[in-house]
1. Within the stretch B:239-286, which residues are touching a Pro at 6+ places or on another chain (Cβ under 7 Å) and hydrophobic (A, V, I, L, M, F, W, C)?
2. On the basis of being farther than 26 Å from B:Pro68 by Cβ, surrounded by fewer than 23 Cβ atoms within 10 Å (Cβ to Cβ) and not charged (D, E, K, R), does B:Thr167 make the cut?
3. Filter the stretch A:88-128 down to residues that are assigned to a helix (DSSP H, G or I) and free of Cβ contacts under 8 Å to residues at least 24 places away in the same chain, then give me how many there are.
4. Only one of these conditions is not met by B:Gln291: (1) in a helix (DSSP H, G or I); (2) of a type outside the set (A, V, I, L, M); (3) modelled with pLDDT under 90; (4) touching a Gly at 6+ places or on another chain (Cβ under 9 Å). Which number is it?
5. When the residues of the stretch B:41-65 are filtered to those that are free of Cβ contacts under 8 Å to residues at least 12 places away in the same chain and not in a helix (DSSP H, G or I), which remaining residue is nearest to B:Leu225 (Cα to Cα)?
6. Could you tell me whether the stretch B:64-85 includes any residue that is closer than 24 Å to B:Gly188 by Cα, within 8 Å of chain A (Cβ to nearest Cβ) and of a type in the set (A, V, I, L, M)?
7. What pairs come out if I take residues in the stretch A:53-70 that are over 16 Å from B:Val82 (Cβ atoms) and pair them with residues that are part of a helix (DSSP H, G or I) and among the hydrophobic types (A, V, I, L, M, F, W, C) whose C-beta lies under 6 Å away, six or more apart or interchain?
Amino acid sequence: MSTLLAAAGSLEPAARSYLSPTGQEIVFLLVGALVLGAAVVSVTTRQLVHAALWLVVALGGLAVEFLLLTAEFVAWVQVLVYLGSVVVLVLFGLMLTRAPIGRSPEADSGNRPAALAVGAASAATLVTLVVDAFRSSWIDLSGAAGTTRLTGEYLFSHWVLPFEALSVLLLAALVGAIVLSRAKGGSADAKPRAGKLRTGLTKQKER
Amino acid sequence: MNLLDTLLRCVGTLVAFLVLPLVVGQAEHKVMAHMQGRLGPMYAGGFHGWAQLVADGVKFVQKENVVPAGADRRVFQLAPAVALLPYLLVLLVIPVGPDGMVGQVVDAGIFFVLAVMGIGVLGSLMAGWASANKFSLLGALRTAAQLMSYELPMLLAAASVAMAAGTVSLPGIVDAFHWWWVPWQLIGAFVFFTAGLAELQRPPFDMPVADSEIIFGAYTEYTGLRFALFLLSEYAGIVVLCGLTTVLFLGGWHGPFEDGLGWLWTLVKTFALAFVVLWLRVTYPRLREDQLMRFAWTVLIPLALAQLALTGIIKVAIS
């Protein structure tokens, strides 16, 4: 903890006023508003692929926020993992199954109130946690607070255990995905027999 | 760094971005032609048809910009920009010469480059989906599948170089380079270059735009300037990939007289690699989709992991 704290400055209550923000802080707030807007549109739009594309805007905006906090490495990892892989995977899944152009009301499952409640509860938890943890402390970003070297040293000295635990969790997810995808494909009658015409009727029977 | 300096660097990068892909494109015309016993363009501009691509550009600008009736207009029109801009950003951080001859120094350069290059694929995905054409959608799906398979070996190969140099900054890696890195990182270089080719959808990895099967994949419905932007992004991708391979595996500006002519060495190595890209296009037939996937998962990833292990062993041995 001490290395990061030494680099990031003290966590003392702010000795400065909130009434004269710097340009960086204004940009931070504006990008934050953009991220929030994109996220709201992403969960309310009725066009499936547009939702995924708005997710790109929201996650990209988060990367910009990391950059503004001088955490360059975290920002690029955010772009690499979320924009480059997760959203591409989401789009791939959407296009592989059903992604009509225009609205798709049948994709609405009627779970909106429950989703809203869960979303609001988790947001309230996170906001309370962050506000309570930092209160009015001021972190000086002018030093080398977020360089790659410092992030790496910090991650692999103080946070090794959570890091490794997360790796095990991901491995478990990987194994689970393999198990789930193998369970159904193992039966022999899934293959069509040679020479037999498959019509819509047989497909319905299979269901 | 003052404002004028920043502005000059940005303009320089923009000029390089507009000129180098055209040079590669013209070289492709001529190299392919001569390898196939033809002459290629000979008339535009007078001397060996040097202005052919300029003429092509003028032609593309004059063409009508058609958006299909069933398409998702905004996504359709936005897609070329999403495909092209990432390569411009990547070009900004590739170091050309010693002593800060780079558009912008980025602390975690390798991560920036690989992260931003991955975004370009979103442009193809958007184009393929928004075209409302099943061939375009198939092309987009193949693009996505290809990206997800080849991103991993590319990352692992780049990680090997970062391990060898002990830094993730691109100028830092070139600074740390010694000649014996070339044999040491040879497997990594092969994996990186091949995976990069696949990510750019260049032959022999051009299943997503296989013209004999799905017309032109995600770009089928595009005309005029937007189509030209997609083509430009492909050639800008070649420049970026060759520049990156030069910087990571071939020592960038290192060579005789590197203090004065460092930038020239980078350019020479980049264009030598670009020639290899064109050469491969003329030499190899297109891989089938299943061959493509098998190649990524059973050849490239084990090779990249072996390279990582080798890098680690030698790094520990010499330190």
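The values are calculated or read from the model by the stated rules, or taken from the named source; none is laboratory data. Because the structure is predicted, anything quoted here is derived from the model rather than measured. Positions of Cβ are backbone-derived with ideal geometry, glycine not excepted, and every protein chain shown enters the neighbour counts.
1. Once the filter is applied, which keeps residues that are touching a Pro at 6+ places or on another chain (Cβ under 7 Å) and hydrophobic (A, V, I, L, M, F, W, C), the stretch B:239-286 yields B:Val239, B:Val247, B:Trp253, B:Leu280.
2. Details: farther than 26 Å from B:Pro68 by Cβ: yes; surrounded by fewer than 23 Cβ atoms within 10 Å (Cβ to Cβ): yes; not charged (D, E, K, R): yes.
So B:Thr167 fits the description; yes.
3. Just the residues of the stretch A:88-128 that are assigned to a helix (DSSP H, G or I), to begin with: A:88-97, A:105-107, A:112-128.
Checking the rest, the ones that are also free of Cβ contacts under 8 Å to residues at least 24 places away in the same chain come to A:88-89, A:92-93, A:96-97, A:106, A:112-114, A:116-118, A:120-128.
Final tally of qualifying residues: 22.
4. (4)
5. Among residues in the stretch B:41-65 that are free of Cβ contacts under 8 Å to residues at least 12 places away in the same chain and not in a helix (DSSP H, G or I), the one nearest to B:Leu225 (Cα to Cα) is B:Ala51.
6. Step one: of the stretch B:64-85, the residues closer than 24 Å to B:Gly188 by Cα are none.
Within the stretch B:64-85, none of the residues are closer than 24 Å to B:Gly188 by Cα, within 8 Å of chain A (Cβ to nearest Cβ) and of a type in the set (A, V, I, L, M).
7. So the pair list comes out as A:Leu62/A:Val35; A:Val64/A:Val31; A:Glu65/A:Val31; A:Phe66/A:Val74; A:Phe66/A:Ala75; A:Leu67/A:Ala75; A:Leu68/A:Phe28.
Residue-by-condition table, conditions (1) more than 8 Å from chain B (Cβ to nearest Cβ); (2) closer than 25 Å to A:Asp140 by Cα:
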{"residue": "A:Glu65", "(1), (2)": "yes, yes"}
{"residue": "A:Leu68", "(1), (2)": "yes, yes"}
{"residue": "A:Val77", "(1), (2)": "no, yes"}
{"residue": "A:Val88", "(1), (2)": "no, no"}
{"residue": "A:Leu94", "(1), (2)": "yes, no"}
